[in-house]
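A short worksheet on the structure shown next.
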Amino acid sequence: MTEPLSRDDVAHVAKLARLRLTEDELVRYTEQLGKILVHAQDLSSLDLHGVAPTAHPFGLVNVVRNDEVRASLDPAPVLAQAPDVEDGRFAVPRIVGEAP
């Protein structure tokens, strides 16, 4: 970055994004965005020749258990503990505005 990020730059971007920022927010975001841009410049100066692009720094492994059929709960004792049951299912209040 050849020149530091200015308050007017941040105000202009906020206007384009239709964000209403207070003066305190403009000062704070100018400082924070300036640090982010300096860091991005530091990263862009790295020599990455020969480094393969990656989407994630670690190899991803599926950690989900195998899908195996097994016995589940008997619905009768579970439904017996419910406050309200209808047609063998839990009954819940209707969502406001939703047609029956």
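Observations
- Filtered by the rule that a residue be surrounded by 13 or more Cβ atoms within 10 Å (Cβ to Cβ) and in a helix (DSSP H, G or I), the stretch 1-30 gives Arg7, Asp9, Val10, Ala11, Val13, Ala14, Glu25, Leu26, Val27, Arg28, Tyr29, Thr30.
- Selection status of Val38, in contact (Cβ under 8 Å) with a residue 12 or more places away in the chain and of a type in the set (A, V, I, L, M): yes
- The stretch 31-71: number of residues that are under 27 Å from the mean Cα position of the chain (by Cα) and either of a type in the set (Ser, Thr, Tyr) or in a loop (DSSP other than H, G, I, E, B) (or both): 15
- Check on Ala82, touching a strand residue (DSSP E or B) at 6+ places or on another chain (Cβ under 9 Å) and either at pLDDT below 85 or surrounded by 10 or more Cβ atoms within 10 Å (Cβ to Cβ) (or both): yes
The values are calculated or read from the model by the stated rules, or taken from the named source; none is laboratory data. Everything numeric in this text was worked out from a predicted model, so none of it was measured. Using ideal geometry, Cβ is built from the backbone for each residue, glycine included, and neighbour counts are taken over all protein chains shown.
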